[in-house]
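> Have a look at this one.
The values are calculated or read from the model by the stated rules, or taken from the named source; none is laboratory data. A quick note: this is a predicted structure, and the numbers were derived from the prediction, not measured. We place every Cβ from the backbone using ideal geometry, glycine too, and count neighbours over all the protein chains shown.
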Amino acid sequence: MINFNNVTKVYKSGTEALKNVDLAIKKGEFAFVIGPSGSGKSTIIKLIMKEEEPTGGELYVNGVDTRDVDRYEVPGFRKKIGVVFQDYKLLQNKTAYQNIAFALRVTKTNGRQIRKMVPQLLAVVGLLDKANDCPDELSGGEQQRVAIARAIANNPDLLIADEPTGNLDPKTSLEIMNLIYKINQMGTTVLVATHDKTIVDTFKQRVIVLDEGIVTRDVPEGRYGV
Amino acid sequence: MGYKMYIFGEVITNLNRNRVLTITSIITVFIMLLLVGVFGVFLLNISYNSEYMDNMLEIRIFITPGSDEYRENFVKEALVEDGSIKYLEFESNEQAFEKAKEMFDSQVLEDLGPNFLPASYTVRLKDSINVKDFVAFVESIPDVYQVDYHSGSFDFAVSLTSWINLISGVLAILLGILSLFLISNTVRLAMASRNEEVIIMKYIGATEGRIKLPFILEGTVIGFTGAIGASLLISYLYNRVFEWFSTQGAEELFLAGLKLVSVKYTVLMIFLVFFGLGILLGIFGSLLAIRKNLRV
């Protein structure tokens, strides 16, 4: 699903964000990417999303070399990747329903299908009764559920969650991670970048540790500190 | 059809959200088109009446008194050969004498006889803008005694047309740039306020076209709305001016021979040109704003 082959990333400022990273994430796998600030977690995500280009090495996402994806193919490339952010990134002037529908509209889903799919997605994340609420009427956990529903609206092969529990309390964090795990169980490959030790230790999935741009540890069913 | 209705709804909602900026931009486009339109309609009528104005501007060429028919014909051939004239009328010294007798004491004139009066040619030019060159040429023809033309009128008419052309052109460019800038600014601010939306659209796989389209449409609506306002106002004003001019204005302004371009034709031209200009300003203003701010 994702293959980093000796990937290096040096930004224009001279910062070496990734150094000779070799990493392979299989289809359907669930993996945590952990590490301190500046370790390269965000860069990994940006490279996968084709927001940045590797300076060296090769990166394959779903069998496609990202260097071969030209500017006009990027939207199609990204349609197959769902992203969840720490700050949810919901549209404040739209309801939960409209936020999810928005993701479908801009990817050319027709109105009839949208009306069918959005309630289903709201049901998956347990927010059918909150369809008409705007983000400021929802709790942090509920907002993140809406964000997750939006991220999976286009049935992506890969779901990336960048600190999805960063703004949530422990109980809500667990609920959100359970939801993400459930999505993984349905076949979607999941990559979670996180600082949350409790979550990593609870779920005991693959743990990839980054430190100053280098993969220092990569263990299946790992824990945060070990 | 569903997506188009959705986009249309989004465009209206977004324009309404940035109401102050939207209204400011519409007003700018409106004022720009209004000013350009006023000058444009003025120019249209001047052009329409150019023949009338040319006819007003006659040049009188006096031949040296006492010249014979040979010299009179020599001057005539030189004038015709030049190619600048569209009308030529000869008045012999006898004809001039008869006219003078009607105006002055005929007894005194009888004593003088017709020979003291010069024969003359009255000409009208094909293009009044070349009057000074033509006069210089005529004055160089042997046996031309004097060249008379209402230089003030000529110069005024030529100067007026040139100034109107210049001012219209400069105003159109300046106001066009101002409108482009304001529309572009409106769209840029709209993009900034909807930066999150743009980021989300990029992440979920929206094409550049899908991201740009609402902003371009917003700019187009601004341009189009300004154009409608300006078109309606100018059409109304022109209709009023036309009625006044046709009934009493021409007499009051001593321009009885002038006719204004028909209201129907003028209104049609205004609407066609303004709609085109308004929409183009809207589209280019938007493209200018999103060009640097958008890259997937």
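> Determine, yes or no, whether A:Thr107 is polar (S, T, N, Q) and away from chain B (no Cβ under 13 Å).
No: the conditions fail for A:Thr107.
> Right, next: Within segment B:177-296, considering only helices (runs of 4 or more DSSP H) that don't extend past its boundaries, which have at least 1 residues that are modelled with pLDDT of 85 or more, surrounded by 15 or more Cβ atoms within 10 Å (Cβ to Cβ) and more than 14 Å from chain A (Cβ to nearest Cβ)?
Fully inside segment B:177-296 and qualifying: B:208-244, B:263-293.
> I've got another one for you. For A:Asp157, work out the one condition from (1) crowded, with 22+ Cβ neighbours inside 10 Å; (2) within 14 Å of chain B (Cβ to nearest Cβ); (3) within 16 Å of the chain's Cα centre (by Cα); (4) not aromatic (Phe, Trp, Tyr) it doesn't fulfil.
Going through the list (1) crowded, with 22+ Cβ neighbours inside 10 Å; (2) within 14 Å of chain B (Cβ to nearest Cβ); (3) within 16 Å of the chain's Cα centre (by Cα); (4) not aromatic (Phe, Trp, Tyr), A:Asp157 breaks only (1).
> Okay, next question. Just give me the residues in segment A:47-79 being of a type in the set (Lys, Arg), over 16 Å from B:Ile204 (Cβ atoms) and within 14 Å of chain B (Cβ to nearest Cβ), in sequence order.
A:Arg71
> Which one of these does B:Asp68 not meet: (1) acidic (Asp, Glu); (2) closer than 30 Å to B:Leu160 by Cβ; (3) without any contact (Cβ under 8 Å) to a residue 40 or more places away in the chain?
B:Asp68 satisfies every listed condition except (2).
> Looking at A:Arg78 and the list (1) in contact (Cβ under 8 Å) with a residue 60 or more places away in the chain; (2) surrounded by 16 or more Cβ atoms within 10 Å (Cβ to Cβ), which single condition is not satisfied?
(1)
> Out of the residues in segment A:90-104 meeting the condition of being within 15 Å of A:Glu142 (Cα to Cα) and surrounded by 24 or more Cβ atoms within 10 Å (Cβ to Cβ), tell me which one is farthest from the other protein chains (Cβ to nearest Cβ).
A:Ala96
> If you don't mind, there's one more thing I want to ask. Please pick out the residue among B:Leu35, B:Leu57 that is aliphatic (A, V, I, L, M) and either surrounded by fewer than 17 Cβ atoms within 10 Å (Cβ to Cβ) or touching a strand residue (DSSP E or B) at 6+ places or on another chain (Cβ under 9 Å) (or both).
Going through B:Leu35, B:Leu57 in turn, the sole match is B:Leu57.
> Quick test of your reading of the structure: A:Pro119 fulfils all but one of (1) more than 14 Å from the chain's Cα centre (by Cα); (2) away from every other protein chain (no Cβ under 14 Å); (3) modelled with pLDDT under 95. Name the failing condition by number.
If we test A:Pro119 against (1) more than 14 Å from the chain's Cα centre (by Cα); (2) away from every other protein chain (no Cβ under 14 Å); (3) modelled with pLDDT under 95, just (3) comes out false.
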